Amino acid sequence: ISKVVIVACGTAAYAGEIARYAIEKWARLSVAVELAHEFRYRDPVIDAGTLVIAISQSGETMDTLMATRYAKEHGAKVLAVCNTQGATLARESDAVLYTHAGPEVAVASTKALVAQITAGLLIALYLADVRGAQPAAELQRLGLELLKLPAKVTETIAIAKIGEQLGETFKDAKSVLFLGRNVGFPVAMEGALKLKELAYIHAEGFAAGELKHGPIALIDQGQPVIVIVPSPNAPDSLNAKVVSNIQEIRARGARVIAIAEQGDQSVADFVEQVIYLPSTEQLLAPVLQVIPLQVFAMALASAKGLDVDQPRNLAKSVTVE
């Protein structure tokens, strides 16, 4: 294959964005992430050298099904990432990677998302292996880090209870902004989506570097901002740049909550609260980072007296275009 195109909608598209970072870095393949409902309407350039990865919890998402049918008609191979055995997407694809997250009763995707991100990371490692894009020792190191994640997820769930307190603190907020860089950017967008889905308030996820190009105009006294802080220990770390963004918005009166790696003291002086998560490889961190954002959205919605399992106007499986 010469390129990868990931098609998905909503939360699954953010899982795809995270997979893009990993596939490009580890497998050295060009990756595009497309919203499935836009994909086939703009005459995309795909051929027999294209691998289309379709991500859907239910495997019945009509927009994603139509995108994959279009891709197959144009000669592409389709790999489904799906949580439902025997779903239409799984049957119609050339291959399927089941996420085995188990039934998810709530409408908003939580554990299904964590499983989708993990599947994307596994695909990235596999592509890197078969293409010989990384030394075997490096792939083994990354694989071992991945195997440590279940225990770190358990630890993170306990830590994330801090998010329950934040829900009560910010229950009257009219808007919440989320900032992230690199792989933290799709995490920020997912955090905003969860808040929209569950608490019915305006929320936006931004790439932190975009602040000075316009969105900083939104910052005024008391504005809640949640920042995904990259590890200071990663190669080419963007930690210092994100801390600089935090200083900018704090100076303008924002109330800042940081999601940071254990041991990172760079943000402590500039934020109201830090939620410290276990350290892991930079591209694996989203598996942990999305959890406190999910807890925060649930807690804020609960504080407002809303039904967090059955949000208004939403369905678990979107089976119409």
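The values are calculated or read from the model by the stated rules, or taken from the named source; none is laboratory data. Everything numeric in this text was worked out from a predicted model, so none of it was measured. Glycine also receives a Cβ, built like all others from the backbone with ideal geometry; neighbour counts cover every protein chain displayed. For the accessible areas, the whole protein counts, side chains as well, though only heavy atoms, and no ligand, DNA or RNA atoms are used. Shrake-Rupley method; radii C 1.70, N 1.55, O 1.52, S 1.80 Å.
The condition of being in contact with a Phe, Trp or Tyr (Cβ under 8 Å, 6 or more places away or on another chain) and among the basic types (Lys, Arg) holds for Arg250. Could you tell me whether the stretch 230-241 includes any residue that is part of a helix (DSSP H, G or I), touching a Pro at 6+ places or on another chain (Cβ under 7 Å), surrounded by fewer than 23 Cβ atoms within 10 Å (Cβ to Cβ) and in contact (Cβ under 8 Å) with a residue 12 or more places away in the chain? Yes: one or more hits.
In this structure, is Gln289 over 16 Å from Ala151 (Cβ atoms), crowded, with 21+ Cβ neighbours inside 10 Å, polar (S, T, N, Q) and out of contact with any Lys or Arg (no Cβ under 8 Å at 6 or more places or on another chain)? So Gln289 passes the test. Considering only residues of the stretch 60-74 that are open to solvent by 30 Å² or more (accessible area, probe 1.4 Å) and touching a residue at least 40 places away in the same chain (Cβ under 8 Å), which is farthest from the chain's Cα centre (by Cα)? Applying the filter and picking the extreme gives Met66. Of all residues in the stretch 267-305, those satisfying the criterion of being farther than 22 Å from Asn245 by Cα and more than 19 Å from the chain's Cα centre (by Cα) are Ala299, Leu300, Ala301, Ser302, Ala303, Lys304, Gly305.
Note on the stretch 75-94: among residues that are open to solvent by 10 Å² or more (accessible area, probe 1.4 Å) and either modelled with pLDDT under 95 or under 23 Å from the mean Cα position of the chain (by Cα) (or both), the one that is nearest to Asp47 (Cα to Cα) is Leu79. Filter the stretch 242-264 for residues that are in contact with a strand residue (DSSP E or B) (Cβ under 9 Å, 6 or more places away or on another chain) and surrounded by fewer than 17 Cβ atoms within 10 Å (Cβ to Cβ); which is nearest to Val187 (Cα to Cα)? Only one residue tops the list, namely Gln262. Residue check: Tyr41 meets all listed conditions (1) aromatic (Phe, Trp, Tyr); (2) at pLDDT below 95; (3) open to solvent by less than 30 Å² (accessible area, probe 1.4 Å) but one, namely (3).
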